[in-house]
Structures are given as C-alpha cells and as structure tokens.
Amino acid sequence: MNPLDITRAAIGNTFRSKTRTALTVTAIFIGAFTLTLTSAIGTGISTYIDNQIASFAAADALSIMKASDSTPGAQSGPAPYDPESAVVGGRFEGDGSEFASGILTAADVETIAGVDGVLEVHPILHVNPLYIEHDSTGKYELTINANIQMITPDLAAGSPMPEAGNQVLLTSAYLESLGFSDAESAVGQPVSIGIADQSGEIHELGATVSGVQNETLFESGVGLNQTFSDALREAQAIGSPTDTEVGFFVATARFDPGIGEEALSALKADLAELGYNALTPADQIGIFQVVIGGIIGVLNAFAVVALIAAGFGIINTLLMSVQERTREIGLMKAMGMGGGQIYTLFSVEAVFIGFLGSVIGALGAMGVGAVANVILAETVIADLEGLEVLIFAPVPMLAVVLLVMGIAFLAGTIPARRAARQNPITALRYE
C-alpha cells in the first residue's frame, strides 16, 4: 500500500466504531479548546501591553526612586527599633537627614541631574486632592496619575498639558460625572480641585482642562502639569513646620531616546551605583507581563494535562481496535503487508483522531472567543480602548493543532507496535 492508500484506509477505520471515536475526540476537544482559549488570552493581553508601550510610553523617560537600604542576606521580618532614627516632630533625627530611606531630597535631585546622560529631572510631588468639580455639577473624588510625565497621552480630544498655567488632563471616565457631553466639550473648560492643608482647612484651586485622554493601562487618573502640581503641594503644605524640607517619592528623568540599549543600561548602572533605582515604562510593564505570562502558563499546563488524559483514551480506542481486527491484521500480513506499513496505518489513525479533536476544539474556541470579546468590550473592559482580550493568531493556533497531533501520535505508538508485531498465522486463527 502506498502512503495515500494507507491514509485513506486509516480514515475509514477511524469511523468503524463511531461512538468510541466520538468519545475520544470529545476528550481531545476539551483539552484543545482550553489550550486554544488560554493561548488566545495570552496573545491578546501581550499584544495590548506591547501596543501600549509602543504608542503611549515615553521613550525618553526613567522613573527614579531611592534604592532600598536592605542588603542580600539580611534577616527577614521587621528591623529592630533604632532610637537614633526616630521621627521627632515630623523630622527624621539621628544622622542629620530629614528623610527616611526611600525619600528623594532636593540634593538627590541635583545628584541625579548631574549624572552623564540625564538631560533633565522632574521630581514628582505627593499630593492628595479631595475632589474635582465643574460648574457646580457636584464634587467627585479623583485619582491623580503620578506617571503622567512617563507617557505620551492617548488623547480623545485637546492637547497635552502646557507647562504654563494650571492645567489638567482628564480621563474619559470623568466626562459624564462633570457634566460634559463628550471629550471635545470639556477642552478649555474650568474645573476646581479641593485639597486640605495640615490643619484640615480645604483650599480650592482652579485649573483649565487642556485635553481628555482615553483610559489605558498607563492613564488611570487625572494628569496635572508641573505648575498646578506645585500649587496644590503648596496648599497642602500650609501649616507644616517652616523648617520641613520637601521630599519626593519618585522623580522622572529625561534622556536622549536615541542613545541605544547599551548606553541606557550604562545610565541605569550609573544611577544604581549612586543608590537609585531607574526603570523605563517598558521595565515597569514588563513585571506585569511576567506575572501574566506565569498565569497563562499555569492555565496552559492544565490544558496539556487534559490532553495527556485524552491520550490514554486514544490508547484505549486503538488497543480495542487492534483486538477487534486481529484476523484482519493477519490477513494483511499474509498478503504481503509489512510490519512498518501496519504500524503506519494505526499511527495515522491516532494522528487523525488528534487532528479531528484539535481542529474542532480550536474552531469552538474561536466561536466562544468572538462572543466573549463582544460582551467584554461592552461591559468589563469598555473603558480600555483597543483591548481585545482574545486574539486567535494563526501561528499559536497551528502550534496547538500540531501539539495535539503529536500527543496523539505518541499515544498511538503502543497499539501500533502491538499491531505491527502480530504473528500472521496466530492472528488468522484468532476467534
């Protein structure tokens, strides 16, 4: 028999026992369906994150924080109390420093600015506004996007914030609450932001909406330009001791985006030697990618376990087929069919069963995914523009089909070898 005849015979033999084959294909379908879905989720989320980094993350920004004082091998748990570093009247006494570890001082900002490769530094002041209001429509809590300097906003309307004047960059989530019919109508409108000072007195500061940004992974709150942020910080600091120095949790440093990966790594290393952690937006999002990749990997592992279990179903199906066709195998050998051809015949049957289950599973996953994408886009992820949770890319789907067929081939090895080793005389006598 030539390969084409063997393939035709194998496909025909697969449907001899339709019920048994259908049950085996169903088991494979479950594993292939699950593996295709988890693969699509991984592709969808990874694609969205990559697009966010490429489109919105500033290519020339570093987020800089004070490095931790902890050293490798240090004891776990809370550190012993040190009276020399106790907080007294809002100041950190002991070594002359007014700040605890992790807080950047004005001296730190100057040090960072002096590092070769750093073009400018913008310290981010910590402000806690209470509410935002427009035209007496009501006061609403607001979240400040402290990373506004690290991104290129995905604008729905307006323009990025200029440095002059008090300017805010709203997100689309605030439009309806503040009484704006759409993003265009909000641009240029005044808003008021309330903030409490150290005594609890509330101060209202006015600002102008320079633009409206779409909700993304990077843009989860209202952005403030440096001028307005400074003004809010001054209002918040009213009532603080006059000798209290301003501290910063993080600073944004700008560098030449064309310096290349090697020079950027050297810049990070120089900052690390001075005691600062420096991360690009891609570095920060990369942490999420690792976590998401780990979750997807676990889900894929469960799907593979299901496929391995289905492989035992293939073994059972083909072993029963070998037993039922013992005399037929003996007849084929008596007519000159070699052991290798019989081995190939049963192996092709196993691969064909795997092919059926994987293709049906992949197509079923695509159907469910198409419906799920529509539902999610209108509900859970309605505010995240451009996010498609499940993306069925051709290469991963082909990989799933080939993986399932490979598992099916391995599962069919035992029955195929048993069939190939049948003694023709004994097989012909089998009842």
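For this structure, a couple of remarks:
- When the alpha-carbon atoms of the range 270-374 are used, the pair Rg, Dmax equals 25.2, 83 angstrom.
- Helices in the chain that qualify as membrane-span-like (whole DSSP H runs, Cα extent of at least 18 Å along the helix axis, mean Kyte-Doolittle hydropathy of 0.0 or higher) are 18-55, 281-324, 339-378, 394-411.
- Electrostatic bookkeeping for Ala59 treats Lys and Arg as +1 and Asp and Glu as -1; over the other residues with beta carbon under 11 Å from its beta carbon, the sum is -1.
- Alpha-carbon centroid distance for the pair the range 1-45 / the range 350-381, whole angstrom: 15
- Cβ-based exposure ranking for Glu328, Glu141, in which fewest neighbours within 10 Å come first: Glu141, Glu328
- Structure-derived Kirkwood radius over Cα pairs in Å - corresponding label in (i) 22.3; (ii) 27.2; (iii) 21.5: (ii)
- Between Ser181, Ser358, Ser46, the GNM of the chain built on Cα springs shorter than 10 angstrom shows Ser181 fluctuating the most.
- Largest GNM mean-square fluctuation across Gly339, Gly188, Gly260, computed for the chain with C-alpha springs under 10 Å, falls on Gly260.
- Taking all Cα pairs closer than 8 Å and separated by 6 or more residues, the relative contact order of the chain comes to 29 percent.
- Added length on full extension, which subtracts the Cα-Cα distance from 0.36 nm per residue, Ala113 to Asp283: 59.1 nm
- Treating r as the C-beta distance of Met320 and Asn2 and R0 as 22 Å, the FRET efficiency rounds to 0.20.
- Value of [θ]222 nm, deg cm²/dmol, for the chain, DSSP H segments ≥ 4, -39500 (n - 2.57) each, nearest 500: -16500 deg cm²/dmol
- In the elastic network of the chain, a GNM with C-alpha springs shorter than 10 Å, the most mobile of Glu204, Glu388, Glu324 is Glu324.
- Inter-probe distance in nm under a simple model that places probes 7 Å from Cα toward Cβ, at Leu398 and Thr426: 4.4
None of the figures in this text is laboratory data; all of them are computed from the coordinates on show. Values in this document were obtained by computation on a predicted structure and should not be read as measured data. We place every Cβ from the backbone using ideal geometry, glycine too, and count neighbours over all the protein chains shown.
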